[in-house]
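> Submitted below is the structure of interest, expressed as structure tokens.
We did not get these values from a lab; they are worked out from the coordinates using the rules stated. Small disclaimer: the values here were computed from a predicted structure and weren't measured. Cβ placement follows ideal geometry from the backbone for every residue including glycine, while neighbour counts extend to all protein chains displayed.
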Amino acid sequence: RMLSIGSRAGLSTSLSSKLPEPTLRIAGLTARNRAFLALGIRAGERAMAVNATISDSPYIDPAVVIPGSRTGPLQGKTFAVKDLFDVAGYRTGFGNPLWLETHPVASSTAPAVQALLDAGATLRGRTHMDELAYSLNGENMHYGTPRNPAAPGRIPGGSSSGSASACAAGDVDIGLGTDTG
């Protein structure tokens with residue numbers, strides 16, 4: 001069962017659950033677009049807390065920087081990649097900390113990323129995404145939700161939200177994302 005939870009701040013979190021129908025209690029809103037969402041599960045089940053935040057950065061790992069080829073049609077351009085694409089020497093997390101922790105470092109770079117590097121573009125970071133690319137909202141309860149530069153009071157939308165946010169903010173020229181639909 002998919003449950004969508006929202007607040008007045010425009011934040012929502014999607015959870016997949018086999019638990020009985022939960023009841024939602026909004027515990028309180030804090031400054032800087034943060035919302036604390038507390039899920040009260042029916043008697044006998046454990047309670048869960050989710051801290052949904054708007055991130056000031058579209059990047060989950062801004063330290064992933066790889067210069068592109070010195071020649072090519074994209075020389076001087078920059079790009080960011082969704083945390084779904086393998087980059088040799090780095091772990092791919094799919095927006096999930098457990099996946100990141102339990103999977104090895106990538107031994108090769110995804111062809112789409114390599115094509116941009118070979119064309120001269122410089123990789124400037126790995127971006128936020130929906131957990132396991134399983135939503136249309138662009139939110140991630142583990143790492144936060146990238147700010148929507150075009151409409152700051154709204155969610156960025158799409159599982160490639162970090163890449164879109166980085167492009168919309170003018171931080172990179174190209175944002176590499178996916179469509180799993």
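> Would you pull out the residues with amide H under 5 Å of residue 60's amide H, same chain only if 5 or more places away, H placed 1.01 Å from N?
126, 127, 128
> Return the long-range amide H neighbours of residue 55 (sequence gap of 5 or more, or a different chain), with a cut-off of under 5 Å between placed amide H atoms.
Hits under the 5 Å cutoff: 145, 147.
> Still on this model: What list of ³J(HN,Hα) couplings, whole Hz, do you get for segment 114-126 from phi and the Karplus terms 6.51, -1.76, 1.60, once you set θ to phi - 60° and write x for glycine and proline?
These are the phi-based 3J(HN,Hα) values: 4, 4, 5, 4, 5, 7, x, 6, 9, 6, 10, x, 9 Hz.
> Still on this structure: Once amide H atoms are placed 1.01 Å from N in the peptide plane, what residues at a sequence separation of 5 or more from residue 174, or on another chain, have their amide H within under 5 Å of its amide H?
Under 5 Å from the amide H of residue 174 lie the amide H atoms of 78, 79, 80, each far enough along the sequence or on another chain.
> Now a separate question. Could you give the nm distance between label points at residue 103 and residue 69, where each point is 7 Å from its Cα heading toward the beta carbon?
2.7 nm
> Any idea how far apart residue 56 and residue 118 come out in nm if each label point goes 7 Å out from Cα toward Cβ?
Each label point is offset 7 Å from its Cα along the Cβ direction, giving 3.9 nm.
> Give, as a single signed number, the net charge of other residues whose beta carbon lies under 11 Å from the beta carbon of residue 136, with Lys and Arg counted +1 and Asp and Glu -1.
Details: positive: none; negative: 130, 139, 179.
Value of the local net charge: -3.
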